[in-house]
Structure formats: structure tokens, C-alpha cells
Amino acid sequence: ASLDRISKLLPTSSKQGWRWQNLRSPLSITLAVGFLSSLLTINNWVFHKPYYPDRIAGQMMLDRTVPLVMVVGYENLQEAALGLSFALELQKRHRTPEPDIEPGMAHSPSQPPPNVKFAFLDRSTGYDAVWQSLSQLQPLPEPPFNLWVVGPGLQQAAYPASIAIVSSDSQCDRDLDRYYRLGIPYQLYRCRLRKTSQSRIEKVRADL
């Protein structure tokens, strides 16, 4: 199946072959999910496995103090709709600050929602193209940030141990304890400023 019919709903960049959306328009996301769900139902392309967008979004938003990026490798309308359902749940949590309750306190100020972005990368030619596109993805939050990669069909060993993202000068390392498979696999990468860049920054500070 092709994503041509929803090209207006998912902004595209023909040069880099990826679709990118900042979580600022809940209405557009809701409409996109509804449209794709209806299309899948009409064509009898229903999901054959149980998926839990609310549970998956909760696992992804494990640290509200750092930005979050979710990347979905898609090959068809079903995978695109699935990724959009995750994005919608992240949107809900993004808009709702989570109270930080400490023992002995009735309440404390709510933590602000993290900066959340998501992208769709075409995997029709294989995951090598996904990793290549991901390394050039922009704009991204300044490191540190958490990167979740939703990779249909991928075992944990098939995820790269690390990903260098040139556009943000980040090094993203796979968290071996944060691989999940609730109907579809998704893996956490923790992204930090690359060591060479960090060393240059520290040298500049020392010279000041």
C-alpha cells in the first residue's frame, strides 16, 4: 500500500525521504488517525495483533525532564496508522503535566511536559535506509534527549548499538533494558552530545 493518499496529512521532505511532525496540532493528528482507521476498516486491513497505544506511550514518556523523539519505520498504511495512534497518545500526555508527588507532601508543582517530536521514515527498501535517514534527521532537540525507534519486524539485536545523528551532533546509544514488544517492537536510545564536541566545549570553557 502507498501513503500517497495521506501525503497532505504527513508533511514530506522529498530530498531526505522522511516525514516529520511537531506535536502542536492535536486536531490534525486525530483526523489523520480517524482517516487511516476508516480506510483500514473499509479495505479490511485490520490490525491482526493487539496494540496498546496508551501503555506504549506511557513507557516512552519515562522521563519528563528530557525531550522525547519517536521515529516510526513504516512500509504501509497499517504501520502508518499504528504510528499515528502512538503519536496521539503522546500528544495527550504531552498536554497533561504529571504531578511529582513526594512522601510526606500533599502535592508539589507539576513537572512541565517534555518537548515531544515524531517522524515517519520509509522502510520499503530496508532498514539501512531508515538508519541513514535518521542520522540526518532535523530539526531535533538539543541533547540530551530520548529517542524511541518503532521498528516493525525488528528483534533487539537488529537495532544498531549506537546511532550518530549528524544534524544535532548527538551520539545515541541503545538502552538494552528498554526494548519492548507490545504487538510491535520499539527500542529506546539515549542521546547525548558527542564526546568530541563535549571536549571542545570544555576546552573553550577552560580557556575563558
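Every number here is computed from the coordinates shown, using simple stated rules; none is lab data. From a predicted model like this one, the values you see are computed outputs, not experimental measurements. Here Cβ is always computed from backbone atoms with ideal geometry, including for glycine, and neighbour counts include all displayed protein chains.
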- Please turn the phi angles of segment 137-145 into ³J(HN,Hα) values with the Karplus equation 6.51 cos²θ - 1.76 cosθ + 1.60 (θ = phi - 60°), one per residue in order, whole Hz, x for glycine and proline. 5, 7, x, 10, x, 5, x, x, 8
- Item | Contour minus Cα-Cα distance for Gln59 and Gln132 (0.36 nm per residue) | 23.7 nm
- Projected label distance in nm at Tyr180 and Arg95, using a 7 Å step from Cα toward the beta-carbon: 2.1
- Message: At R0 = 22 Å, how high is the FRET efficiency between Gln156 and Asn76 if r is their beta carbon distance? Nearest 0.05 is fine.
- Response: 0.45
- Message: Could you work out how much longer the chain between Lys195 and Val66 gets when fully extended? Use 0.36 nm per residue separation minus the Cα distance between them, nm to one decimal.
- Response: 44.5 nm
